[in-house]
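Undergrad: The following block contains the structure, expressed as structure tokens.
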Amino acid sequence: MKKTICISGLGYIGLPTAAMFATHGHKIIGVDTNTTVVSALNQGKITIEEPYLDIMVQAAVTSGNLKAKTSPAEADVFIIAVPTPIEKNKTADMSCVISAAEAIVPYLKKGNVVILESTSPPGTVEELLIPILEKSGLKIGEELYVAYSPERVLPGKILTELVENNRIIGGVNEKSCKVVRELYRTFVRGEIYLTTPTTAEMTKLMENTFRDVNIALANELAKLSESMGINAWDVIEFANKHPRVNIHQPGPGVGGHCLAVDPWFIVEKQPDLANIIKLSRNTNDSMPNHVVKRINEILKDIKGKKKVTILGITYKPNIDDMRESPILEMIDILEKDEDVEITVHDPFVHNCKYLEKDLYKSIRDSHLVVLGVNHDAFIKVDFSKIKDIMKERNILDTKDFWNEKEVEKEGLNYYLLGKK
Ligand code: SAJ
């Protein structure tokens, strides 16, 4: 049965979800408070970068199934996919969820469905959403079906993963679970698992927390290895030969809007119990500073001004997203040193005050090249060319990306995070 679906929040999750439902025949009212997003969308254009999303949105808008507005309207289903950013004090800012929920209340009627997709602290549906929805006068679970269903897609692969990934639905009761499952079946080809809202909220957070804790372990190993005179990358490679071991990779820190944020939503709710989670966050957050310490050690004998070239400043390889990038944090620390002159080169980035668009110009007269992000393009760096244009021949690789022997063959000093 084709439904009218009102989706609040037309960002990285709301927009692909809207386009997906619209191209499967449902009628979508996309709601966003940003008028630029709304008017662009109504012309079939998008304001975010994601492979193939532009084509899908254009098809959805052309078919007449996707229309954008700045406020909600009557519908069968309401999906909330607004941002839940983190505050300075490491707690979730739920103001967008609150205002999106309050905005739909006047339009709710018997038989409607409300789904929260935004990443939220455990307990949000029960403690925050339901009290707002109850203002409609409808009986939750009987007249109004409510569920939490997190998105778990990887930026850059959103459209494939929306369809292929398994999905969790945490309904307030069995009926809510079932109606929401039927809805997502429109396009989800993965398994759909039914549970309670708080379990679904916690599951979403634990997926990213698992990764964050695992990376913290790798980062701790990097520090241990540097102190013990061994190579962390070798330890990880050998340990991962074991069939039940999968240690992640160390690096200059953990960025993005998920791993660096989600674990705090658990800590916020259970600060006395979430010890490993908190410690892991702090371990990963210590890495930019740790890399700066390595930089200072390498440059300690050089008097006066030193030029440091940083290759790659996005939060992970081969994307243009700089949100929570640990390299930006590293730059913040480095720029406090008046003797350090910073130059950045990143083929995906256009707005950074230290940016030099030409790779070799960025390296010219440098005392140290730091590999911050292992973009594929950096595999082609020509070390025989670099050695002649650098003032001091120092390379610091934070991702075990380049081959030590090849770099040293050219007469350059190769330093590696996780090895001293
Ligand atoms: N990183 C490491 N070492 C590693 C792997 C990653 O230092 O071994 C760093 C990356 O450099 C990056 C950060 O971690 O700075 C996060 O990158 P990521 O690729 O792990 O994840 P995200 O944040 O782009 O996307 C994650 C995904 N979650 C999982 O794989 C469990 C994605 O599926 C989620 O949908 C997304 O978070 C989200 O929105 O929650």
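The values are calculated or read from the model by the stated rules, or taken from the named source; none is laboratory data. Small disclaimer: the values here were computed from a predicted structure and weren't measured. Note that we place each Cβ from the backbone using ideal geometry, even for glycine, and neighbour counts take in every protein chain shown. SASA here: full protein model, heavy atoms, side chains in, ligands and nucleic acids out. Shrake-Rupley method; radii C 1.70, N 1.55, O 1.52, S 1.80 Å.
Undergrad: So what's the net charge close to K139: Lys and Arg +1, Asp and Glu -1, counting the other residues with Cβ under 14 Å from its Cβ?
TA: +1
Undergrad: Considering only L10, H26, T91, whose Cα is most displaced toward the positive end of the charge dipole of the chain, charges sitting on Cβ of Lys, Arg (+1) and Asp, Glu (-1)?
TA: Going by the Cα projections, it comes out as H26.
Undergrad: Considering amide H positions built from the backbone, and no H for Pro or chain starts, which residues 5 or more places from I7, or on another chain, come under 5 Å of its amide H?
TA: I29, G30, V31, I79
Undergrad: Under 8 Å for C-alpha pairs, at least 6 residues apart: give me the relative contact order for region 211-278, rounded to a whole percent.
TA: Over region 211-278, the number comes to 34 percent.
Undergrad: Right, something else. Tell me the per residue accessible area of the chain using a 1.4 Å probe; a whole number in Å² is fine.
TA: 46
Undergrad: Below 8 Å, C-alpha to C-alpha, sequence gap of six or more: please give me the relative contact order for the chain in percent.
TA: That works out to 11 percent.
Undergrad: Another question about this same structure. Helix 287-299 against the longest principal axis of the chain: what's the angle in degrees, Cα atoms only, rounded to the nearest 10?
TA: Roughly 20 degrees, rounded to the nearest 10.
Undergrad: Counting only protein heavy atoms and using a 1.4 Å probe, what share of the accessible area of region 4-203 belongs to carbon plus sulfur, as a whole percent?
TA: 51
Undergrad: I would also like to ask the following. Within 14 Å, Cβ to Cβ, of I379, how many net charges do the neighbouring residues add up to if Lys/Arg are +1 and Asp/Glu are -1?
TA: Once positives and negatives cancel, what remains is -3.
Undergrad: Follow-up question, since we're still on this one. Just how far, in whole angstrom, is region 244-323 from region 100-123 if you go by their alpha carbon centroids?
TA: First find each Cα centre; the distance between them is then 35 Å.
Undergrad: Please go through region 203-292 and write out the trypsin sites (Lys or Arg not before Pro) that DSSP classes as loop and that have at most 12 other C-beta atoms within 10 Å.
TA: Sites meeting the loop and neighbour criteria: K241, R244.
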